[in-house]
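One structure below.
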Amino acid sequence: MTTTISAVMNNLDSYPPPFRHQNSQTHYPDQVNSLSDPDPIPVIDLDGLNQNLDEPKKLEEACREWGLFRLANHGIPLTLLSQLHDLAKEIFSISFESKQASTANSPISYFWGTAALTPKGTALARGSQSINWLEGFNIPLSQLSEFEHQVPMLDSFRVLLEEYGNHLSRIAGMLYETMAKNLDLNPESSKPYLSEETGIVRVYRYPVNSDADAALGMEVHTDSSVLSILHQNDGVSGLEVLRDNHWQTVKPLSDSLIVNLGDMMQAISDDRFKSVKHRVKVNKQRDRISICYFVFPGEDVLIQSSTYKPFSYNDFRTQVQKDVKTLGYKVGLERFKINEDSN
Ligand SMILES: O=C(O)CCC(=O)C(=O)O
Ligand SMILES: [Fe+2]
């Protein structure tokens, strides 16, 4: 089918209908005016992990105390990151209907209003939760090559994502190896807990909303992954992490990545590392785009720990989907705790 992809750039009709009235986007200077001030997020030097004796220790501390860190010297060319963001911005600005049509019959899915998706990538209908102020594409990396698209812009996106995905699985592998050593895990049995074939990328746009208190871009949650690695575009803030009961803004610095640990890592580590709570605020002045990578254990690999009953990622995901449908929210790891009922 032919889509009128090039026709509509940055028009209101690129937004899902409920998001249209708030989009009075004018050109403001970058919202974060104190980018030069360091934020308190720990910084890990990926290059230094194998060279500098202190770096693995710093990583261990960040995983234990924060469950999140900034990653410097990650080896991804900055041009690749900016090309990805530029193209994502262009793709989001085509009409809502074209975005829906562009991914029909493909492993990629387009969603909006919620980030809770079924395993196939479609938005999960849920109970009482309010709408999340976002739209996105869900891209399972192992199926990306099936997405050869006639529309050049979308095909270029596939090519960039393939390159990005290769970097991300390299980075996740390196980080996980050091974390497993830090935790003294048996190298053989802990290896399948990170399965690079499970990698997915989600590209989000959080439409600008001048009433930033009205809705969250993404509600408070923990990720279900082993590791999540995200890139935010320069200067448009939104991501916040819960640290000592305070919400801490994670500054959008485009030359670094943000890594956060998910529920699977918390279980693998027997609760020594933490799956961190985070949320996304909508930006009052500009649309925000982020590109997030998630990696999981092999679906049926049993995670063994002393805190949780043995469970696979498949068991976990099925339970989460059930809870989101029936309760309206994810209960998460608590469902698998040993002696959950006896205290
Ligand atoms: O967009 C972001 O910065 C974070 C997204 C996120 O937390 C998620 O997809 O789980
Ligand atoms: Fe998240």
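Values as computed for the structure displayed
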| read-out | value |
| --- | --- |
| Residue satisfying condition, being within 16 Å of ligand 2 (Cβ to nearest atom) and out of contact with any Gly (no Cβ under 7 Å at 6 or more places or on another chain), within set Val280, Val241, Val236, Val276 | Val241 |
| Scan of segment 224-235 for residues that are more than 10 Å from ligand 1 (Cβ to nearest atom), surrounded by fewer than 23 Cβ atoms within 10 Å (Cβ to Cβ) and farther than 15 Å from Arg70 by Cα, ordered by number | Gly235 |
| Residue in segment 246-261 that is over 20 Å from Val236 (Cα atoms) and assigned to a loop (DSSP other than H, G, I, E, B) present | no |
| Any hit, segment 67-75, residues being modelled with pLDDT of 95 or more, surrounded by fewer than 15 Cβ atoms within 10 Å (Cβ to Cβ) and of a type in the set (D, E, K, R) | no |
| Residues (in contact with a helix residue (DSSP H, G or I) (Cβ under 9 Å, 6 or more places away or on another chain), closer than 30 Å to Ser190 by Cβ, outside any loop (DSSP other than H, G, I, E, B) and hydrophobic (A, V, I, L, M, F, W, C)) located in segment 274-314 | Ile291, Val295, Phe296, Ile303, Phe311 |
| Tabulated pairs, segment 306-321, first among the small types (Gly, Ala, Ser), second surrounded by fewer than 17 Cβ atoms within 10 Å (Cβ to Cβ), C-beta under 7 angstrom, 6+ apart or interchain | Ser306/Asp270; Ser312/Glu299; Ser312/Asp300; Ser312/Leu302 |
| Single unsatisfied condition, Gly136 versus (1) out of contact with any Ser or Thr (no Cβ under 6 Å at 6 or more places or on another chain); (2) surrounded by fewer than 21 Cβ atoms within 10 Å (Cβ to Cβ); (3) closer than 30 Å to Lys325 by Cα | (2) |
| Among the residues listed as Leu160, Leu194, the single one being of a type outside the set (Phe, Trp, Tyr) and either free of Cβ contacts under 8 Å to residues at least 24 places away in the same chain or buried (at least 21 other Cβ atoms within 10 Å of the Cβ) (or both) | Leu194 |
| Selection within segment 248-274 - crowded, with 24+ Cβ neighbours inside 10 Å, of a type in the set (S, T, N, Q) and either under 16 Å from the mean Cα position of the chain (by Cα) or within 13 Å of ligand 1 (Cβ to nearest atom) (or both) | Asn260 |
| Selection within segment 184-223 - of a type in the set (Asp, Glu), out of contact with any helix residue (DSSP H, G or I) (no Cβ under 8 Å at 6 or more places or on another chain) and within 16 Å of ligand 1 (Cβ to nearest atom) | Glu219 |
| Filtered residue count, segment 201-225, keeping only those that are more than 13 Å from ligand 2 (Cβ to nearest atom), within 21 Å of Tyr164 (Cα to Cα) and in a loop (DSSP other than H, G, I, E, B) | 0 |
| Residue match in segment 305-319 (condition: within 18 Å of the chain's Cα centre (by Cα), among the polar types (S, T, N, Q), closer than 21 Å to Arg202 by Cβ and at pLDDT 95 or above) | no |
| Unique match (being of a type in the set (A, V, I, L, M) and buried (at least 17 other Cβ atoms within 10 Å of the Cβ)) among Leu333, Leu327 | Leu333 |
| Pairs, first more than 30 Å from Leu12 (Cβ to Cβ) and in contact (Cβ under 8 Å) with a residue 40 or more places away in the chain in segment 268-292, second assigned to a strand (DSSP E or B) and away from ligand 1 (no atom under 14 Å from the Cβ), C-beta under 7 Å, six or more apart | Ile268/Ile303 |
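The values are calculated or read from the model by the stated rules, or taken from the named source; none is laboratory data. Note that the structure is predicted; figures quoted are calculated from it, not measured. Here the Cβ is made from the backbone with ideal geometry for all residues, glycine too, and neighbour counts use every protein chain on show.
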